[in-house]
Amino acid sequence: MERRMTLSGHVPSLSLIPLGTCHNGKYYIDGECLGSDPILINSQDQPSILNSTIKLLAELTTPLECLGMVGVATRSNQSSTATQQVVIYKLTQLLCNAKESFLDGGGAMLAVLRRVRHTLKNEPLSSDDNISVNHSLLLIRNILHAPERPTQMADKRQDQQDQLVRILLAQGLNRLLISLLACSQKDQWMVTVLQLISLLYKDRPVEIILQLLDENCTHLEPEFYFDEQNQFGSKKSEKSLKKLSKYKLGRRVEMKGNVVEYKPTDESTLNLLKGFTINFIRQGYNTLVGQLHQQMLKQQGDAHLQLLDKSHFLWLISYFLPIASRLELSVEHLKDVLTIDVLCYLTWEAVCQTEELEIYAFQHSTFDLKPCVRRLHLCVKAIREYLKTLERFSRPSTSRNANAPKNFITRLSGYVPAIRDLRQLFLLQLRQFDPVVQSRRYLLDVTRCYLLYVFRYSYVIMNYFFFLYYFSSLSR
C-alpha cells in the first residue's frame with residue numbers, strides 16, 4: 001500500500017505520514033505505520049536514506065538478550081523488577097510488531113536483500129559497504145529472532161517463523177548467503193551469517209532434515225528446488241513431500257509438563273529449506289567452519305574478541321555433519337571440518353565445560369547451570385558426529401571415499417588415538433555425571449561416544465601402549 005499523502009496542488013509528501021498520536025503522556029503508534037515499511041520499499045534509489053533506515057531498524061530490533069534484559073525478574077529487588085518487567089513487556093511488543101511488519105507481503109524484506117545483493121557487486125567493498133552489509137544481516141537476524149505474539153488460534157498453520165523463513169528463502173537468501181561466504185571480506189560478517197543460519201533451523205531437529213533428504217532428493221541439482229522466478233518446478237518433489245506427511249515435519253515447541261508439540265510446516269517451506277540445506281553443505285559449510293574455527297582460536301582468552309558464542313560453533317558441527325554424511329559428499333567438501341585441529345579444539349572445549357560445570361554445581365543457587373549444561377552436551381554431540389563422520393569416510397567400500405586424497409583419512413584416523421585428553425574425556429564425563437542437572441540423553445550420548453571411540457581405536461591404543469612398553473624395556 002502506498003503511504004504517500006499530498007500537499008496542496010497534489011504534491012506528494014512523505015513527511016505527513018501519521019506515525020502516531022500522543023495522548024495523556026503516552027505515544028501510541030498508528031496502525032498504518034506498523035502495516036509496512038514505506039521508507040525501505042520506496043528509497044531503493046537513495047542509498048544513504050536506505051542504509052540509515054536499515055541501521056535504525058537493526059538497532060531498534062536488537063534482541064532482549066543483547067540488551068541484558070533477560071533474567072532480570074529473578075533479582076531480589078522486587079520494586080526494580082516490577083519496573084523492568086514493564087520495560088521488557090513493551091520491548092517484546094515492539095519486537096512482535098516488527099516481526100509482523102516484515103510479513104506484510106515480503107516487500108520490506110525483499111528491499112533489504114536487494115540492497116545486500118547490489119552492494120556485493122562492488123567488490124572489493126569499502127568500509128561503508130561492509131557496515132551496510134552487516135546492518136542488513138543484523139536486521140534479518142533480529143527479525144528472525146523476534147518473538148511471535150501469543151495466539152489462541154486453533155489453526156497453527158500460519159506460523160510466523162515459518163512464513164518468514166519461506167519469504168526469505170523464496171526471495172533468494174539461499175544464493176545470497178553463498179555469495180557472502182564466497183566474498184573476499186567474509187570475515188566481516190561471518191558470525192552474523194552463522195547466527196542467521198541457526199535461526200533458519202530453530203526448533204527443527206536434525207532428524208527432520210534427514211527425513212527430507214531420504215526421499216532420493218540428495219542427488220538432484222539445487223535448481224531443481226527453486227528457480228530464478230521463485231517457482232517450484234517438479235511434481236516429483238511434491239510427491240516426495242506428501243510421502244513424508246506421516247512424519248512430524250514441523251518446528252518443535254516445548255510445552256508445559258515436558259510434552260513436545262510440533263507445529264506443522266508448509267510443504268513449500270520444507271522444500272525451500274531442503275534446497276537451502278543442500279546448497280549450503282556443498283558450497284558454504286566448509287568455508288564457514290574453517291573461518292569460524294580460526295576466529296575461535298583468536299578470541300581464546302582475549303576478552304576484546306568475544307564476538308562468537310561457542311554454542312553456535314558447536315551447534316554448527318553437531319547439526320550439519322550428519323547431513324553432510326547423508327549427502328555422500330567427497331572429503332573435499334569437508335577438508336576444513338575434518339581436521340585434527342578442530343577435533344583438538346572440541347576436546348579442549350569439552351574438558352573446560354566439564355570442569356566449569358563441576359565448579360558451578362557447588363554454587364547452584366548463584367549461577368544458572370543451564371547454559372553450561374547445554375554447551376557441554378553440544379560438545380559431546382559435536383565430538384560424536386565428528387568421529388562418526390570420520391568412521392564413515394574410513395570405510396573402503398563407501399563411494400564418498402573414492403575421490404578422497406590418498407592417505408588423508410588414514411592419516412587423520414591415526415592422529416585420533418594420540419589425543420590423550422580425548423581418551424580420558426569420556427571417562428571423566430561418566431564419572432562426573434550429575435542426574436540432578438544433566439539429562440539421561442546426555443548420559444546416553446557420552447556412552448555412545450565412548451563406545452564408538454573404543455571399538456574404532458582400541459586396537460590402535462593397544463599397539464601404542466605395546467610399543468611404549470617395548471621401547472622402555474629396551475632402554476633399561
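Past the 31 Å Cα-Cα mark, which pairs from 121/388; 90/186; 99/310; 55/388; 55/121?
Working: 121/388 40 Å; 90/186 36 Å; 99/310 27 Å; 55/388 43 Å; 55/121 20 Å.
Among 121/388; 90/186; 99/310; 55/388; 55/121, the Cα-Cα distance tops 31 Å for 121/388; 90/186; 55/388.
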Distance in nm between label sites at residue 370 and residue 24, each 7 Å beyond Cα in the beta-carbon direction?
-> 3.6
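Mean shadow of region 310-363, computed from the convex hull of its alpha carbons, in nm²? Don't skip to the answer; put the middle values down first.
Values: hull surface 17.4 nm².
With the hull built on Cα positions only, its mean projection is 4.3 nm².
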Between residue 207 and residue 451, the two model label points (7 Å from Cα along the beta-carbon direction) sit apart by a distance in nm of 1.7
Once you list every other residue whose beta carbon is under 15 Å from the beta carbon of residue 429, what net charge do they have if Lys and Arg are +1 and Asp and Glu are -1?
-> +2
FRET efficiency for residue 432 and residue 121 from the Cβ-Cβ distance with R0 = 51 Å, rounded to 0.05, comes out at 0.45
Put a dot 7 Å past each Cα toward the Cβ at residue 415 and residue 356; how far apart are the dots in nm?
-> 2.4
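Step by step: find N for region 323-398, compute 2.2 N^0.38 Å, then divide the Cα radius of gyration by it. What's the final number? Display every interim value, and only then the final one.
On the way: Rg = 16.1 Å, N = 76, 2.2 N^0.38 = 11.4 Å.
In units of the 2.2 N^0.38 Å rule of thumb, it is 1.41.
May I ask you to order 118-130, 334-346 by the average number of other C-beta atoms within 10 Å around their residues, highest value first? Don't skip to the end; give the middle numbers.
Numbers: 118-130: 13.2, 334-346: 18.7.
Those peptides, ordered most packed to least, come out 334-346, 118-130.
With Cβ to Cβ distances under 12 Å as the rule, what net charge do the other residues near residue 373 carry (K, R +1; D, E -1)? Please report the intermediate quantities before stating the final value.
Values: positive: 370, 374, 375, 441; negative: 356, 358, 368, 434.
It works out to a net charge of 0.
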Taking Rh as the Kirkwood radius, which is the inverse of the mean 1/r over Cα pairs, what is the Rg/Rh value for region 110-209?
-> 1.02
Return the sequence-ordered ³J(HN,Hα) values of region 431-446 in whole Hz as given by the Karplus equation 6.51 cos²θ - 1.76 cosθ + 1.60 applied to θ = phi - 60°, using x for Gly and Pro.
-> 5, 9, 4, 10, x, 6, 10, 10, 8, 5, 5, 4, 4, 5, 5, 5
Highest mean first, what order results for 203-212, 89-98 on Cβ atoms within 10 Å?
-> 203-212, 89-98
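Each value in this text was obtained by applying a stated rule to the coordinates, not by laboratory testing. The structure displayed is predicted, hence computed values, not measured ones. Please note: Cβ atoms are built from the backbone with ideal geometry, for glycine as well, and neighbour counts cover all protein chains shown.
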